[in-house]
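Engineer: First, the structure itself, so that you have it in front of you.
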Amino acid sequence: MQRFMIVGGNRLQGTVRVSGSKNSTLPIVAASLLLDGECTIKGVPRLRDVAVMRDVLVHLGADVVWEKDAMHINASSINCQDVSEDLMRRMRASNLVLGPLISRFKHAKISYPGGCNIGSRPMNLHMKGLQALGVEITEKFGYITARAQKLQGSEVYLDMPSVGATENLMMASIYAKGTTIIRNAAREPEIIDLQNFLNRMGAMVKGAGTDTIRVTGVDKLSGTTHTVIPDRIEAGTHMIAAAITGGDVIITDVIPEHLEPVINKLRETGVYVEVKDDQVRVVADKRPKSVDIKTMPYPGFPTDMQPQFMALLTVAENTSVVTETVFENRYKHVMELRRMGADIRLEGQTAVIKGMPRLSGATVEASDLRAGAALVLAALAAEDGTVLEQVEHIDRGYERLENKYNALGARIIRVNS
Ligand code: EPZ
């Protein structure tokens, strides 16, 4: 296990570049299983979660060469369609291989990914959609087995705009007979990126980014090269890092419209945000004002930014209210922020945050990826030192976060605990 030793109090200043999107890379790497041939994915961030998805593909028989930020995948010799329990337990998003395996091999078996620290994370919507395409699903001994004689395009309504269910169904319908319509689809930018990748391989997918996606089945795909979009959640995290330290930071390689909900909220706190081409500049020279936040599916305020923004609100003026509507248990960071002196009261899915002038250093623990990021941000603003345990969670979604922030003036040391 590793920990961060963080001494807060420095204003972050300078320029930081955003890596490729984790939540684009994972479905796109999974989608390469659809292809009996080779494709190259560029802009791939060096993250633990991406390494797990690479391990899953190798386990299934694919040939994967990952050098720097390019991943060359050849899935022509897939010889297994079962994802073992230990792989599934390492990362829930491994369930994204379900759609491509069903699509190409009419068979897939994955161990139930189970819940994690932010919620139970069921897969009922994935399975309801697959069954509509003619897939027979059986669940036994913690495994989900999916089989189909043939896949027939169909109309599927998602009770909620699930990102993973939308992605799995897009991939499951690529080779289906006829047209599949996914209604109440998720609208995240990562869905559009997946559509672009699939269409570059010769698929026929339309409507990503809206709530209705249409997939017309094709017989064959061919290889391509695709660069994933920048990580909007990493970018948002850096924006908060600038705001919470009273800094002045330019964040480069972003797509500004993907950051709109966070930019809008940050401006409401009185932080100066300037957008120019593929850059966002964040300048904070006074204590942030309190704001209310309600997380929603895209284009609403992203749940993946809720912990980080809450860290900022713990030192804002007055009282803020945060409501988490996407996951039922995404407040694990609250206890840890309280250890740093934050005044947060939980009432069901709502957190009432009374801003304090400053936080104080403490020993805290990352419970999941974004909660860990939130604690780094709080520690950057806290007086004296913070010890943050279990930083492996942070490495799942951020490439050497300590290097990026130390280059801006932070004081973070990574040590083995
Ligand atoms: C994706 O997870 C992201 N992960 C998550 O990011 C993100 O928080 C989430 O979408 C919401 O934006 C990846 O893209 C790899 P969902 P996913 O299916 O697809 C419920 C991060 O920090 N639901 O949209 O698993 C579910 O319980 C991670 O980078 C069902 O009820 O999320 C949740 O309450 C964390 N039944 C809600 O929908 C289902 O069949 C949203 O889940 C599926 C989901």
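Engineer: For the range 273-417, with only Lys/Arg (+1) and Asp/Glu (-1) charged at the beta-carbon, what is the dipole magnitude about the Cα centre, in debye rounded to 20?
Structural biologist: 300
Engineer: Could you pull out every residue, at least 5 positions away or on a different chain, whose amide H is within less than 5 Å of the one on residue 410? Hs are placed 1.01 Å off N in the peptide plane, and Pro or chain starts have none.
Structural biologist: none
Engineer: Kindly write out, for the range 61-76 in residue order, the coupling ³J(HN,Hα) from the Karplus curve 6.51 cos²θ - 1.76 cosθ + 1.60 (θ = phi - 60°), rounded to whole Hz, with x marking Gly and Pro.
Structural biologist: So the Karplus estimates, Gly and Pro as x, are x, 6, 9, 10, 10, 10, 10, 6, 10, 10, 10, 9, 10, 10, 9, 6 Hz.
Engineer: Under 5 Å between amide hydrogens, which residues at least 5 positions from residue 319 or on another chain qualify, with H placed 1.01 Å from N in the peptide plane?
Structural biologist: For residue 319, the qualifying residues are 355.
Engineer: Using a simple spin-label model with points 7 Å from Cα along the Cα→Cβ vector, what separation in nm is obtained for residue 279 and residue 350?
Structural biologist: Between residue 279 and residue 350, the simple spin-label model gives 4.2 nm.
Engineer: Please give the FRET efficiency for residue 206 paired with residue 117, using the beta carbon to beta carbon distance and R0 = 35 Å, rounded to the nearest 0.05.
Structural biologist: The formula returns an efficiency of 0.45 here.
Engineer: Then there's this: Given R₀ = 35 Å, what would the calculated FRET efficiency be for residue 199 paired with residue 406, taking r from the Cβ atoms and rounding to 0.05?
Structural biologist: In this case the efficiency is close to 0.30.
Engineer: Let me ask you something else. Under the Karplus relation 6.51 cos²θ - 1.76 cosθ + 1.60, θ = phi - 60°, what is the ordered set of whole-Hz ³J(HN,Hα) values for the range 384-401, x standing for Gly and Pro?
Structural biologist: 6, x, 10, 10, 10, 8, 6, 6, 4, 4, 5, 5, 5, x, 9, 7, 6, 4
Engineer: Convert each backbone phi in the range 279-285 into a coupling constant with the Karplus relation 6.51 cos²θ - 1.76 cosθ + 1.60 (shift: θ = phi - 60°), then list the ³J(HN,Hα) values in order as whole Hz, x for Gly and Pro.
Structural biologist: These are the phi-based 3J(HN,Hα) values: 10, 10, 10, 10, 10, 10, 10 Hz.
Engineer: Can you give the FRET efficiency to the nearest 0.05 for residue 317 and residue 294, using r as the Cβ-Cβ distance and R₀ = 22 Å?
Structural biologist: Step by step, r from the Cβ atoms, then E = 0.65.
Engineer: Grab the DSSP H runs of the chain that are 4 residues or longer, score each as -39,500 (n - 2.57), total them, divide by all residues and round the 222 nm result to the nearest 500 deg cm²/dmol.
Structural biologist: That comes out to -9000 deg cm²/dmol.
Engineer: Measure off 7 Å from each Cα along the Cα-to-Cβ vector at residue 17 and residue 255, then give the distance between these two points in nanometres to one decimal.
Structural biologist: With each label placed 7 Å out from Cα toward Cβ, I get 1.9 nm.
Engineer: Follow-up question, since we're still on this one. Run down the aspartates and glutamates and flag those whose C-alpha is under 19 Å from the C-alpha of residue 109, throwing out any fewer than 8 positions away in its chain.
Structural biologist: 55, 82, 85, 86, 136, 139, 167
Engineer: If the cut-off is a Cα-Cα distance under 16 Å, which aspartates and glutamates reach residue 42, setting aside same-chain residues fewer than 8 apart in sequence?
Structural biologist: Qualifying aspartates and glutamates at Cα under 16 Å: 67, 69, 190, 193, 231, 253, 399.
Engineer: In nm, to one decimal, how far is the residue 383 label point from the residue 363 one, both placed 7 Å along Cα→Cβ?
Structural biologist: Result for the modelled spin labels: 2.1 nm.
Engineer: Also, I was wondering about something else. Out of all DSSP beta bridges in the range 343-398, what portion is antiparallel? Express it as a percent rounded to 5.
Structural biologist: About 55 percent, rounded to the nearest 5.
Engineer: So in the chain, what percent of DSSP beta bridges are antiparallel if you round to the nearest 5?
Structural biologist: So the antiparallel bridges amount to about 75 percent of the total.
Engineer: Here's another thing I want to ask about it. For the range 95-185, what class follows from the C-alpha gyration tensor (a ≥ b ≥ c being the square roots of its eigenvalues): rounded when a/c is under 1.5, otherwise prolate if a/b is larger than b/c, else oblate?
Structural biologist: oblate
Engineer: Same structure, new question: Using a/c under 1.5 as the rounded threshold, could you call the range 15-114 rounded, prolate or oblate? The axes a ≥ b ≥ c are square roots of the C-alpha gyration tensor eigenvalues, and prolate needs a/b larger than b/c, oblate otherwise.
Structural biologist: oblate
Engineer: Under the classification rounded if a/c is under 1.5, otherwise prolate if a/b is larger than b/c and oblate if not, where does the range 130-170 fall, given a ≥ b ≥ c as square roots of the Cα gyration tensor eigenvalues?
Structural biologist: Oblate is the answer for the range 130-170, as a/c is 1.5 or above yet b/c matches or exceeds a/b.
Engineer: In addition: Ignoring ligands, DNA and RNA, what accessible area per residue does the range 289-417 give at 1.4 Å, in Å²?
Structural biologist: Heavy-atom accessible area per residue stands at 36 Å².
Engineer: Just list whichever of 128/220; 265/354; 265/289 have alpha carbons separated by over 22 Å in the model shown.
Structural biologist: Pairs exceeding 22 Å: 128/220.
Engineer: Give me the percent of Cα-Cα pairs in the chain that sit more than 37 Å apart, rounded to a whole number.
Structural biologist: That tail contains 23 percent of the Cα-Cα pairs.
Engineer: Would you please give the residues with an amide H less than 5 Å from that of residue 385, counting only those at least 5 places away or on a separate chain, with H modeled from the backbone geometry?
Structural biologist: Distant-sequence amide H within range of residue 385: 361.
The values are calculated or read from the model by the stated rules, or taken from the named source; none is laboratory data. What you are looking at is a predicted structure, and each value in this text was computed from that prediction instead of being measured. Virtual Cβ from ideal backbone geometry, glycine too; neighbours counted across all protein chains shown. The accessibility values were calculated without ligands, DNA or RNA, using every heavy atom of the protein model including side chains. Shrake-Rupley method; radii C 1.70, N 1.55, O 1.52, S 1.80 Å.
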